[in-house]
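Here's the structure, in structure tokens; my notes come after.
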Amino acid sequence: MKLNHLNLCVNNMSEAVTFFADIFGFELADRKGDAIAVMKDQAGFTLVLSQLVALRGENPIYPEGFHVGFYVDTKEDVDQFFLKLMSAGLASKENSPKSMRGGYTLYFKALDGILFEVTSFAV
């Protein structure tokens, strides 16, 4: 069995689509206005973004500890990603990568407080 897609609820569809394209390299495959966007990565994973307000719902509130995690190949990849975030204004020295739980990990928040993780276990 393989996980092939995830629906992530966001507050601002345009911001989320731009974020996942510019920061993580996802490509937009389909979009239904401000309600739903379907994005794909190079590994074949599908990310569905939903804006619940556009679907007559409420803005999402994620619990403490909820996060979206990505693995990269090397420690240098984590460091390069951190520099990319710094230049985009999404990270600062306070949340610089560090060794933890057997990997080299970077945490940062974006899209109205969603926690993101980028980790390499090749240290």
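The values are calculated or read from the model by the stated rules, or taken from the named source; none is laboratory data. From a predicted model like this one, the values you see are computed outputs, not experimental measurements. Backbone-built Cβ (ideal geometry, glycine too); neighbour counts: all protein chains shown. We work out accessible area using only protein heavy atoms, side chains counted, and drop any ligands, DNA or RNA first. Shrake-Rupley method; radii C 1.70, N 1.55, O 1.52, S 1.80 Å.
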**Prompt:** Restricting attention to region 37-61, which residues are open to solvent by less than 70 Å² (accessible area, probe 1.4 Å) and either under 20 Å from G113 (Cα atoms) or of a type in the set (S, T, Y) (or both)?
**Reply:** A37, T46, L47, V48, L49, S50, Q51, L52, A54, G57, P60
**Prompt:** Any idea which of (1) farther than 19 Å from I114 by Cα; (2) touching a residue at least 40 places away in the same chain (Cβ under 8 Å); (3) surrounded by 15 or more Cβ atoms within 10 Å (Cβ to Cβ) is the one N4 doesn't satisfy?
**Reply:** (3)
**Message:** Looking only at region 64-123, count every residue that is open to solvent by less than 40 Å² (accessible area, probe 1.4 Å), within 24 Å of G44 (Cα to Cα) and not hydrophobic (A, V, I, L, M, F, W, C) and tell me the total.
**Reply:** 4
**Request:** Give region 55-114 a look and list any residue that's under 24 Å from R31 (Cβ atoms) and among the basic types (K, R), or say none.
**Result:** R56
**Request:** Quick one: count up the residues across region 12-36 that are open to solvent by 50 Å² or more (accessible area, probe 1.4 Å) and either more than 19 Å from L106 (Cβ to Cβ) or not charged (D, E, K, R) (or both).
**Result:** 12
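Which of the following residues is under 25 Å from A122 (Cβ atoms) and in contact with a Lys or Arg (Cβ under 7 Å, 6 or more places away or on another chain): F26, F82? Break it down into steps so the answer makes sense when it comes.
Details: F82 fails: in contact with a Lys or Arg (Cβ under 7 Å, 6 or more places away or on another chain).
The unique qualifying residue is F26.
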